[in-house]
1. Out of everything in segment 28-87 that is free of Cβ contacts under 8 Å to residues at least 24 places away in the same chain and in a loop (DSSP other than H, G, I, E, B), what residue ends up being surrounded by the fewest Cβ atoms within 10 Å (Cβ to Cβ)?
2. Please indicate, with yes or no, whether at least one residue in segment 12-31 is at pLDDT below 95, charged (D, E, K, R) and not assigned by TED's automatic domain parsing to the domain that holds F116.
3. Scan segment 123-133 for residues that are part of a loop (DSSP other than H, G, I, E, B) and either β-branched (V, I, T) or out of contact with any strand residue (DSSP E or B) (no Cβ under 7 Å at 6 or more places or on another chain) (or both) and report the count.
4. Of all residues in segment 134-152, count the ones that are in a helix (DSSP H, G or I) and touching a Ser or Thr at 6+ places or on another chain (Cβ under 7 Å).
5. Going residue by residue through segment 153-171, is there one that turns out to be within 26 Å of Y55 (Cβ to Cβ) and either part of a strand (DSSP E or B) or free of Cβ contacts under 8 Å to residues at least 40 places away in the same chain (or both)?
6. Every residue in segment 151-169 that is surrounded by fewer than 18 Cβ atoms within 10 Å (Cβ to Cβ) and hydroxyl-bearing (S, T, Y), please.
7. I need the full set of residues from segment 126-140 which are among the β-branched types (V, I, T) and over 16 Å from R43 (Cα atoms), in order please.
8. If I ask for residues that are touching a helix residue (DSSP H, G or I) at 6+ places or on another chain (Cβ under 7 Å) and more than 16 Å from L120 (Cα to Cα), which ones from segment 36-66 would you list?
Amino acid sequence: MQEKAMHVIRSRFRFIVCFLGLISAIPAAAQDVYLCVWRNPERTMTRIFPDARDYKTVSAPISGNQRKIIEQRLGFGLLPGQQDLFQYFEMTGDTGGVIGTIIAASQKGEYGAVEFVFGLDNSGVIKDIYVQRARERSQSFKDRAFLDLFVGRSLSNCADFTGLYSGEASPGVTAVIRGLVKELVCYETLVLGGDEPAIKGEIHP
C-alpha cells in the first residue's frame, strides 16, 4: 500500500515538473514575436486620413535577399514576426482612389512591444503618427512634441530622424525612432523598389 502511494506521488511530481516547464517556456516564446497589428482600423483610419472611406490590406513577402538588404541599410536585424512579411494599408477616398498609406509598427521597448501607427501621403511625407499601445515606464515618447518632430518629414530624409530629438533618451523614444526608420526602409525596399534608393545617407538609429 505504501509502495503504491509513493508511486502515485512520484508520478504526480513528474507531471507537475513537466507542466511547469511547459508553462515557463510559453511566455518566453511569445515575448520574442513582434507582430505589426493595426487595432480598430475602421474607427481610427480617419484619425490620420479624415477623407478616408475604406482601406485595403496589402502584404508583401520578404525574400532572404531583401531582408539582407534591409538589415544592412538599418544596421540592425528585423525582429521575429517581421522577417518574412511586410504589411501596409492603402487608404481610399470617395472615388476609390488611393489617398495615402497607413503602416502599423511594432518595435522592442524595455517592457515589451511599443506599437504605433503612422500615415504617408502619396508623396511619401509623414502625415501623422500616434502611439497605439505600450507598457513603458517613461511616457515621453507619447508626447505630441516628440511625435510631431516626424510629421511633415519625407521618407527620403529618414536617415536624419535620430538627430531630430534632443530630449532625454528612453527605451520608448528609441523604439519609436528605430521602428519608424525600419518601416520606411522596408516600405521603400519592398513597395517602391527602384534602382536608386530615395532614402539617402547612413541609417543607424
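1. P50
2. yes
3. Number satisfying all stated conditions: 1.
4. Of the residues in segment 134-152, 3 are in a helix (DSSP H, G or I) and touching a Ser or Thr at 6+ places or on another chain (Cβ under 7 Å).
5. yes
6. S154, S156, T162, S166, listed by residue number.
7. I126, the sole residue that qualifies.
8. Matches in segment 36-66: A60, I62, Q66.
The values are calculated or read from the model by the stated rules, or taken from the named source; none is laboratory data. Note that the coordinates shown come from a computational prediction; the quantities given were computed from them, not determined experimentally. For neighbour counting, all protein chains shown are included, and Cβ atoms are generated from backbone atoms with ideal geometry for every residue, glycine included.
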